[in-house]
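Single-structure report; data block below.
The values are calculated or read from the model by the stated rules, or taken from the named source; none is laboratory data. All figures in this text were calculated on a predicted structure; none of them were measured in a lab. Don't worry about glycine lacking a Cβ; one is built from the backbone with ideal geometry, like all the others, and counts go over all protein chains shown.
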Amino acid sequence: MKGKRIAVLEARLGKQLADLVAQKGGVPLHAPALAEVPDLDPPAIAELVRSLEARGATLAIFQTGVGTRALFGATDRLGLTARFLAQLEKATVVARGPKPTGALRARGVRIDRSALDPFTTHEVLAAIGDAPLAGQRVIVQRYGVANAELDQALAGRGAEVVEIPTYRWSLPPDTAPLRDLIAALERHEIDAAVFTNAEQARNLFAVARDLGKADALRAALNATLVASIGPVASAALREAKVAVGIEAHPPKLGALLSALEEALA
């Protein structure tokens, strides 16, 4: 990576990722493209726990570590964690990947089914393929946006889907770094752009559209090495008609950086 200018769009772990790029000799340009905004509704969570005691859920699907921790933080504050855990004991608990798995295990929750690598909705649905869902309640810990594909697939099998919002994704309050990145990409000053979330691509193009530069951004990215953390981010980039040069296997930061370093060598 020596001397290569690398755009980093990650927000929560952005500084750490930029530091890793710098340690490998790259020149990071950190432009956070995503903000995680708390979206917890304590009264709704309290009502959910009470409703589960009246009519339990057959499945409980946890999609993210940060969302799972936020949900239990809310039940802690409400004094309802023990009652919520008791309801999870009666359900089939499904974890989308290692992050929600770790968050659930920290609470002593038994995990019955786990999505396989690369931990997309497809693998979640495969993990519950034989579960009878007609007329059954399924609770889904929502991540930054509603997972329409998952919800529709569950509803199509006759399930009553109850989503639990924990946080939502939005544009960062300060979009100046994203505007600067778009300009740098137009000037062909960026050697690689690293996307670690599908919403980063969507938000970057939202800013570009506001500037009247969506087509210019697309052309600039297609003249740049685009690195994606995994299939979900890659799908969002391809939806924007951006070619993905690197996709990490497995979908983790370490694998992504290693693949990027090799490609830039």
Just checking, which of Pro100, Pro118 is part of a helix (DSSP H, G or I), under 14 Å from the mean Cα position of the chain (by Cα), of a type outside the set (A, V, I, L, M, F, W, C) and not assigned by TED's automatic domain parsing to the domain that holds Glu199?
-> Pro100
Flag for Gly144 being part of a loop (DSSP other than H, G, I, E, B), of a type in the set (Gly, Ala, Ser) and surrounded by fewer than 16 Cβ atoms within 10 Å (Cβ to Cβ) | no
Filtering region 1-16 down to residues that are crowded, with 22+ Cβ neighbours inside 10 Å and modelled with pLDDT of 95 or more yields Ile6, Ala7, Val8, Leu9, Glu10
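Condition check ((1) within 22 Å of Asn147 (Cβ to Cβ); (2) in contact with a Phe, Trp or Tyr (Cβ under 6 Å, 6 or more places away or on another chain); (3) not aromatic (Phe, Trp, Tyr)) across all residues:
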site: Trp169; (1), (2), (3): yes, no, no
site: Asp174; (1), (2), (3): no, no, yes
site: Leu185; (1), (2), (3): no, no, yes
site: His188; (1), (2), (3): no, no, yes
site: Ala192; (1), (2), (3): no, no, yes
site: Phe195; (1), (2), (3): yes, no, no
site: Glu199; (1), (2), (3): yes, yes, yes
site: Phe205; (1), (2), (3): yes, no, no
site: Asp210; (1), (2), (3): no, no, yes
Within region 243-265, count every residue that is assigned to a loop (DSSP other than H, G, I, E, B) and within 18 Å of Pro28 (Cα to Cα).
-> 1
Go through region 196-242 and tell me which helices (runs of 4 or more DSSP H), entirely inside it, have 1 or more residues that are more than 17 Å from Ala184 (Cα to Cα) and outside the structural domain of Glu149 (by TED's automatic domain parsing).
-> 198-210, 231-239
For Phe72, which of the numbered conditions (1) over 16 Å from the mean Cα position of the chain (by Cα); (2) at pLDDT below 95; (3) among the aromatic types (Phe, Trp, Tyr) fails to hold?
-> (2)
Of the residues in region 37-54, those that are among the small types (Gly, Ala, Ser) and either outside the structural domain of Ile164 (by TED's automatic domain parsing) or loosely packed, with under 11 Cβ neighbours inside 10 Å (or both) come to Ala54
Residues in region 147-170 that are closer than 18 Å to Val66 by Cα, touching a residue at least 60 places away in the same chain (Cβ under 8 Å) and either part of a loop (DSSP other than H, G, I, E, B) or among the charged types (D, E, K, R) (or both) total 4
From the list Ala91, Ala70, Ala74, pick out the single residue that is of a type outside the set (Asp, Glu) and within 19 Å of Asp112 (Cα to Cα).
-> Ala91
Evaluate region 127-139: report whether one residue or more is part of a helix (DSSP H, G or I) and either outside the structural domain of Ala248 (by TED's automatic domain parsing) or within 25 Å of Glu47 (Cα to Cα) (or both).
-> yes
Go through region 237-254 and give me each residue that's in contact (Cβ under 8 Å) with a residue 24 or more places away in the chain, among the hydrophobic types (A, V, I, L, M, F, W, C) and farther than 13 Å from Ala193 by Cβ.
-> Leu253
